[in-house]
1. Can you give the extra length, in nm with one decimal, that the chain gains between residue 149 and residue 223 once fully stretched, where that is 0.36 nm per residue apart less the Cα-Cα distance?
2. Could you work out the Rg to Rh ratio of the range 68-156, with Rh taken as the Kirkwood radius (inverse of the mean 1/r over all Cα pairs)?
3. Hey, what angle do you get for helix 135-147 against the long axis of the chain, alpha-carbon based, 0 to 90 degrees rounded to 10?
4. Using DSSP, restrict attention to beta bridges with both residues in the chain and report what percent are antiparallel, rounded to the nearest 5.
5. Report, in whole Å, the centroid distance computed from the Cα atoms of the range 256-285 and the range 339-391.
6. Compute the long axis of helix 260-273 from its Cα atoms, compare it with the longest principal axis of the Cα atoms of the chain, and write down the angle in degrees, 0 to 90, nearest 10.
7. Ratio of alpha-carbon Rg to the 2.2 N^0.38 Å globular estimate for the range 110-285, to two decimals, please.
8. Quick one: if you stick a label point 7 Å off each Cα along the C-beta vector at residue 366 and residue 253, how many nm between them?
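Where a number appears in this text, it was derived from the coordinates with a stated rule and is not lab data. Only a predicted model underlies this, so the values are computations on that prediction, with no experimental measurement involved. Quick reminder, even Gly has a Cβ in these numbers, built from the backbone with ideal geometry, and neighbours come from all protein chains shown.
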């Protein structure tokens, strides 16, 4: 059997003219479960995690999966069983961690808008740390902890004003972003945290953005964070751990981000050179663990030629794959069974009643109605941001493990989408 792996997707390959994930034909999954359908490779996720584990071998580190990228319970279970903790941004995500068998003691709670009830929930479960993003949040968390007669472990998220050179919507470390405490106010905020009786300062946190494809922003951010650690500890406040966030990019359209192990070799070399090599580390990868592990399978419904544009209308839409509409993001699109013959330049669009409902612009495709396409690199920030717009049920999800496949989320019916609604009496 001949096999040709897709660039950047070592676990997705054409075998004898048909697209497969690991040992499973994707066409068979589409036939069994229907479309749109998200399919994920377990081997791909574990291989991505292994690159981080190689790069950090021998260090004191906790890898916390940033579950906002994809929070399906089965995927959380895989990472929990592999020793990961979790980076959460809501009480709902914390509930998912518990449902998947994760350890709350390995949970870091990030986000700018934690509510009192979410703080209470996390404190009662004994999470590892709150990544605090403002002085106002410090004050509220202190009140909540004191009411529970406990201390909240806190890490201050510092905004280093480093440009991650990515899309502005997923840049989080510049002065104009809503995230974190400004670098120039960090010391005074740490001092305030240390003075509050309901708080226990345990760390410092930095996360500059997502889909970062170069080493230099990480190295610049590390320098600024380590400068702050030295200032804070000189003021008598101990920093137990340093959290360098996540944000490493993946190959969507030929990008060449550094492999995770190479990136961490460079970062650890700097850490050692500055005398912090023995410090406890936290990192929070998300997209780089799951992004290229997933595809969205979708059926071609109609071909619509036009004077200015040709359209390939598919059954997946912006409610299933929101990234193109939100970020003008690129996803490669591949047929499950390529046809020979002349291709046509066309826009790949969905059935939702919005002009922004497009999945790919100007793609060379040779397809017919009834064909199935795979939208690649769909493992991150697709299903986790999916909606029921136009009363469209969210897609089913399948996990591939070698030659086996497992349904890990059932397709929503129309009735499911309005289950919690009530008619007037």
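1. Gain on stretching residue 149 to residue 223: 22.9 nm.
2. Working: Rg = 12.8 Å, Rh = 13.1 Å.
Over the Cα atoms of the range 68-156, Rg/Rh equals 0.97.
3. So the inclination is approximately 80 degrees.
4. The antiparallel fraction comes to roughly 50 percent.
5. 38 Å
6. 20 degrees
7. Dividing the Cα Rg of the range 110-285 by 2.2 N^0.38 Å gives 1.04.
8. Rounded to a tenth, the inter-label distance reads 2.5 nm.
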